[in-house]
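Below: the structure, in structure tokens.
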Amino acid sequence: RLPTGLRHWLGRAQPQGELSEVEATGEDTRLLTLSANARGLGFKPVGDAPGFSGVSGKLQGGGDALSLEFDAASKMVFDWPRGFGVPHPITARGVVSLWREGTGLRFGTDNLHIDGEGYRADARGGLWFQNDGTLPWIDIAAQLGEADVPVARKFWIRHLMPPQAIEWLDMALVDGRVKNGRAIITGDLDDWPFTGNNGRFEARADIDNGQLRFQHDWPAIQQARLHAAFIGPGMKVQGSGEL
């Protein structure tokens, strides 16, 4: 009875995990309440889709919605080989919910705190899988903690960005400290990168004591104080430094 795409994904992603202390109530064929402790939930990356492992916490819900309150001590791994290219070990605090919307499903959170290796973020929003064979709709806003500039290399979306852009950014971002980082992304991912006023991707941050290199054989700009803005498919950097 599952849609063909979902059935194929389940077969290849091989979801895993363990539930304990399960309590459920129902009436006729309808699930009314569900409560359980989850440990080691996860699934493998498939094609362009990411994978997750080590997810633990408290599950609660019923037939129309489920929520997971993360175990803050649990070590998880977000793995997106086609996108980020490197696994991201993280911990998380907060609640993520899943509920029916239209003929599809929406995942969302009103406050999720994420700690990674060299970075942290507070995020809200989610994804709407419309169940029509297209990519999901995304609405996410994030406030980023301070981080070293080279950490940004972990977040290039490699299967969507031109290889020349990734190569230049890896060379250009030598050092510095990122402050006041924030980002929003909203729109149908079928329309990415939203060049027709049909969505918005915007990320902004200040860079303190930055070191930037424009070409391999050029000296790097030193002691830069910059404001960087990534909007849609473009980038703009303003500020000052010593060359």
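The values are calculated or read from the model by the stated rules, or taken from the named source; none is laboratory data. Given the structure is predicted, the values throughout are model-derived calculations rather than measurements. Counting neighbours? That spans all protein chains shown, and the Cβs are built from the backbone with ideal geometry, glycine included. Heavy atoms of the whole protein, side chains included, go into the accessibility calculation; ligands, DNA and RNA do not. Shrake-Rupley method; radii C 1.70, N 1.55, O 1.52, S 1.80 Å.
Selection of first residues in region 134-157 that are under 22 Å from Ala49 (Cβ atoms) and of a type in the set (Ser, Thr, Tyr) and of second residues that are at pLDDT below 95 and open to solvent by 60 Å² or more (accessible area, probe 1.4 Å), restricted to Cβ pairs under 7 Å at least 6 apart or on distinct chains, gives the following pairs, ordered by first then second residue: Thr134/Asp190.
Highlighted here are the strands (runs of 3 or more DSSP E) found entirely within region 178-243 that include at least 3 residues which are buried (at least 16 other Cβ atoms within 10 Å of the Cβ): 199-212, 221-231. In this structure, Leu68 qualifies as surrounded by 12 or more Cβ atoms within 10 Å (Cβ to Cβ) and either in contact with a Pro (Cβ under 9 Å, 6 or more places away or on another chain) or in contact (Cβ under 8 Å) with a residue 12 or more places away in the chain (or both). The number of residues in region 213-231 being within 11 Å of Glu242 (Cβ to Cβ) and in contact (Cβ under 8 Å) with a residue 24 or more places away in the chain comes to 3. Only strands (runs of 3 or more DSSP E) whose full extent lies in region 1-111 are considered here, and the ones with at least 3 residues that are of a type in the set (Asp, Glu) are 16-27.
Residues considered: Val55, Val86, Val96. Of these, the only one that is under 22 Å from Trp9 (Cα atoms), touching a Ser or Thr at 6+ places or on another chain (Cβ under 6 Å) and of a type in the set (A, V, I, L, M) is Val96. The residues of region 1-50 that are of a type in the set (Ser, Thr, Tyr), modelled with pLDDT under 90 and open to solvent by less than 90 Å² (accessible area, probe 1.4 Å) amount to a single one, Thr4.
Residue by residue through region 130-154, note down the ones that are open to solvent by 30 Å² or more (accessible area, probe 1.4 Å) and β-branched (Val, Ile, Thr). Thr134, Ile140, listed by residue number.
Filter region 155-177 down to the residues that are touching an Asp or Glu at 6+ places or on another chain (Cβ under 8 Å) and assigned to a strand (DSSP E or B), then identify the one that is most open to solvent (accessible area, probe 1.4 Å). The selected residue is Arg177. Output the residues belonging to region 71-90 that are within 18 Å of the chain's Cα centre (by Cα), surrounded by fewer than 17 Cβ atoms within 10 Å (Cβ to Cβ) and among the small types (Gly, Ala, Ser). Within region 71-90, Ala72, Gly85 meet the criteria.
Out of Met161, Met76, one residue alone is out of contact with any strand residue (DSSP E or B) (no Cβ under 9 Å at 6 or more places or on another chain) and either aliphatic (A, V, I, L, M) or closer than 29 Å to Asn37 by Cα (or both). It is Met161.
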